[in-house]
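Presented below is the structure to which this report refers.
The values are calculated or read from the model by the stated rules, or taken from the named source; none is laboratory data. What you see is a predicted model; the values in this text were computed from it and never measured. Here the Cβ positions follow ideal geometry from the backbone for every residue, glycine too, while neighbour counts run over all protein chains shown.
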């Protein structure tokens, strides 16, 4: 079968990812579980042919950079099928790839289980909003839903900086400029600095990767823009610690003060297996109030978890409360709830 037929088949089966790795059959991930197309293992020559074909599908993208460096990331679309985010890499001397399948249509937050307090992040007009969680936890999808809500409700200029582009946004009430790193611009930092001169209201930054990016993002948030970004952290307190720790010790007190003023909310999410074999998100929500601003400024960040855990409002939700609600709604079983819990012993008592 040709690569476009294989990708079409994977899309029809509802796969989230496709794996092309020598020594394994052509494989899909469906609802978090690996499924092999057949028993026929791919040889290095097979993976090489399939990956060269992917580069041809991606409008003749130059494969030489990948062959020279051993890594590449890009996205492309198959008309009438789907969009695909590709990460190619070398392993044991052979070519391999993981392909993420992204629907053309923007996701429906309600269908996906993205709760209303998360969607309320779209109401902010300035400051820093972070969506965090491990890789593959649905952060990009949550961001796409938030950007679509802003696009549908406000007359803003939204600039997205992504590596690579995933969901495509059409202009609705807002103007949406989508820039892909390495294709439309050199780097996150240069694109972010340029964005500040492009009359933005909202900047979506695909990932806050390093000191320089975080520094410019915080400046952008401080100057009255809404900056929405992601980090690979779990929990609001860990996220705040991670941002402060990126800076040299001599700057950390100043950054804590700056962060206490610009941070608006931190959402942490995980994808949890449901009773019917699907995946649903569980969220921790921290909306920054005066008490939390003081904790960040005074470097008492370890107290934040306790404040979230003891809160009973919609805009302050602990991961365990989210898991408890999913369990009570019979969406997940007890084992799943305890596995993903931040405080399994306490949640166990509540479940009983």
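Couple of notes before you dig in:
- Odd one out for residue 314 among (1) within 28 Å of residue 229 (Cβ to Cβ); (2) surrounded by 13 or more Cβ atoms within 10 Å (Cβ to Cβ): (2)
- Looking only at residues in segment 63-97 that are buried (at least 17 other Cβ atoms within 10 Å of the Cβ) and out of contact with any helix residue (DSSP H, G or I) (no Cβ under 9 Å at 6 or more places or on another chain), the one that is nearest to residue 161 (Cα to Cα) is 75.
- When 325, 330 are screened for being out of contact with any helix residue (DSSP H, G or I) (no Cβ under 9 Å at 6 or more places or on another chain), surrounded by 15 or more Cβ atoms within 10 Å (Cβ to Cβ) and free of Cβ contacts under 8 Å to residues at least 60 places away in the same chain, only 325 passes.
- Some residue of segment 307-314 being within 14 Å of residue 115 (Cβ to Cβ) and touching a helix residue (DSSP H, G or I) at 6+ places or on another chain (Cβ under 6 Å): yes
- Options 166, 207, 155: the member that is part of a loop (DSSP other than H, G, I, E, B) and crowded, with 20+ Cβ neighbours inside 10 Å: 166
- Look at (1) without any contact (Cβ under 8 Å) to a residue 24 or more places away in the chain; (2) outside the structural domain of residue 71 (by TED's automatic domain parsing); (3) surrounded by 15 or more Cβ atoms within 10 Å (Cβ to Cβ) and you find that residue 142 fails only one, number (1).
Residue by residue, here is whether (1) closer than 30 Å to residue 152 by Cβ; (2) more than 24 Å from the chain's Cα centre (by Cα); (3) modelled with pLDDT of 95 or more holds:
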| residue | (1), (2), (3) |
| --- | --- |
| 11 | yes, no, no |
| 15 | yes, no, no |
| 63 | no, yes, no |
| 80 | yes, yes, no |
| 90 | no, yes, yes |
| 93 | no, yes, no |
| 99 | yes, no, yes |
| 102 | yes, no, no |
| 105 | yes, no, no |
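- Residue list for segment 240-263, restricted to those being surrounded by fewer than 20 Cβ atoms within 10 Å (Cβ to Cβ), touching a helix residue (DSSP H, G or I) at 6+ places or on another chain (Cβ under 8 Å) and not in a helix (DSSP H, G or I): 246, 247
- Of all the criteria given as (1) part of a loop (DSSP other than H, G, I, E, B); (2) without any contact (Cβ under 8 Å) to a residue 60 or more places away in the chain, the one not satisfied by residue 224 is (2).
- Residue in segment 227-239 that is closer than 21 Å to residue 122 by Cα, touching a residue at least 60 places away in the same chain (Cβ under 8 Å) and part of a helix (DSSP H, G or I) present: yes
- Filter result (more than 20 Å from the chain's Cα centre (by Cα), under 28 Å from residue 327 (Cβ atoms), in contact (Cβ under 8 Å) with a residue 60 or more places away in the chain and surrounded by 15 or more Cβ atoms within 10 Å (Cβ to Cβ)) within segment 275-311: 304, 305, 308
- Qualifying residue in segment 37-56 (condition: within 30 Å of residue 275 (Cα to Cα) and in contact (Cβ under 8 Å) with a residue 24 or more places away in the chain): yes
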